[in-house]
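Right, one structure below, let's go through it.
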Amino acid sequence: MAQRAGFTLEEIKHLTGPTARRAETSDRVHELADRKLPEIERLITRAQAVHEWLALAATCDCRTVDVCSLFTDPALAPPPGGLGALASDASG
């Protein structure tokens, strides 16, 4: 469950290892959650931006990318790294 929530194996080890005590473990979960929430919020924001760009691209009728504002207008650019960065952020 902790891995699904985005905790690394190292973080999980500290939650479940032989030195974990119930009261301290609860504090550790809170600390990790407080640290992970902003990371997840950034990931969601980035995923929403990629989604919006892809939705625009799906309806684009430009014949070539050199005339398409999705590729020429920096204001419409997807976030750096695109889909590949989202996948690596999620695994990481």
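Just so it is clear, none of the values below were taken in a lab; they were calculated from the coordinates. All values derive from a computational prediction rather than experimental measurement. Ideal geometry is used to build each Cβ from the backbone, glycine not excepted, and the neighbour counts take in all protein chains shown.
Computed quantities for the displayed model
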quantity	calculated
Using θ = phi - 60° and Karplus 6.51 cos²θ - 1.76 cosθ + 1.60, couplings along region 34-51 (whole Hz; Gly, Pro as x)	4, 6, 6, 4, x, 4, 5, 4, 5, 4, 5, 4, 5, 5, 5, 5, 5, 4
Approximate spin-label separation T16-R63, in nm, with each point projected 7 Å along Cα-to-Cβ	5.9 nm
Label-to-label distance, nm, for residues given as D27 and I44 (7 Å Cα→Cβ offset)	2.9 nm
